[in-house]
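The values are calculated or read from the model by the stated rules, or taken from the named source; none is laboratory data. As the structure is a computational prediction, the values presented were derived from the model and not from experiment. Neighbour counts run over all protein chains shown; Cβ positions are idealised from the backbone, glycine included. With ligands, DNA and RNA removed, areas are computed over all heavy atoms of the protein, side chains included. Shrake-Rupley method; radii C 1.70, N 1.55, O 1.52, S 1.80 Å.
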Amino acid sequence: MAMSTPPAKARRTGGRSARVRAAVLRATLDALLAGSADDLSIRDVAQRAGVHETSIYRRWGTRANLILDAALSEIQAAVPPPDTGSLRGDLLELVGSIAAFITTPTGQVLLHLAVNDDRPEEQGVRERFWAERFTVGQQVLRRAEARGELRPGLDYRLTVETLIGALCVRVLLTREPVDDTVTAHIVDLVLGGLVA
């Protein structure tokens, strides 16, 4: 009698490690929304996520690294790199996504964390956060340059800082609303200095 071959096991995508990471990052954001970065503790995050504290220390090492990973994961999901095929389209989508995100409760918390300098020991975390976010905007500009849409010699980082800076002034300083009309004005003002 011929023996039947058992069916191959389906490969799990993500697995336990991915589930633990997602639970811990969600718990970190929930803890930040419930209090402040100063109040956030690994013990609280572990309890919220249903994991042991050592799992968090083993993966992230420090509270600052945990907050950074949670912040980057959340903003990467909310503000993906746009690719509409045109510089103006990409900038409208990018600035619009950033504006929509930083006006949410989570976005407000993360924006305040990103500009807070009360904790010098977290300076490296802030630098890594902003470096990561500027990279997304610079990708948009590099693609536009490859399409011949940009004038030569542009400072990509300064361009992205200008776009994001206008949003931050409204959200953090003047507390004025940010809508599609405002984001379009910001993009068109900056675009005048960029195009070939």
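Consider segment 137-187 and keep the residues that are touching a Lys or Arg at 6+ places or on another chain (Cβ under 8 Å), assigned to a helix (DSSP H, G or I) and not hydrophobic (A, V, I, L, M, F, W, C). The one that is surrounded by the most Cβ atoms within 10 Å (Cβ to Cβ) is Tyr156.
The C-beta contact set for segment 179-196 (first residue within 16 Å of Arg151 (Cβ to Cβ), second residue open to solvent by 80 Å² or more (accessible area, probe 1.4 Å), distance under 7 angstrom, 6+ apart or interchain) comprises Leu191/Arg88; Leu194/Arg151; Val195/Arg151; Ala196/Arg151.
Starting from residues that are small (Gly, Ala, Ser) and within 18 Å of the chain's Cα centre (by Cα), keep the ones in segment 23-39 and report whichever is most open to solvent (accessible area, probe 1.4 Å).
Ala23
Looking across segment 53-82, the residues that are among the hydrophobic types (A, V, I, L, M, F, W, C) and assigned to a helix (DSSP H, G or I) come down to Ile56, Trp60, Ala64, Leu66, Ile67, Leu68, Ala70, Ala71, Leu72, Ile75, Ala77, Ala78.
Looking only at segment 35-52, count how many residues are among the acidic types (Asp, Glu) and part of a loop (DSSP other than H, G, I, E, B).
Here the count works out to 2.
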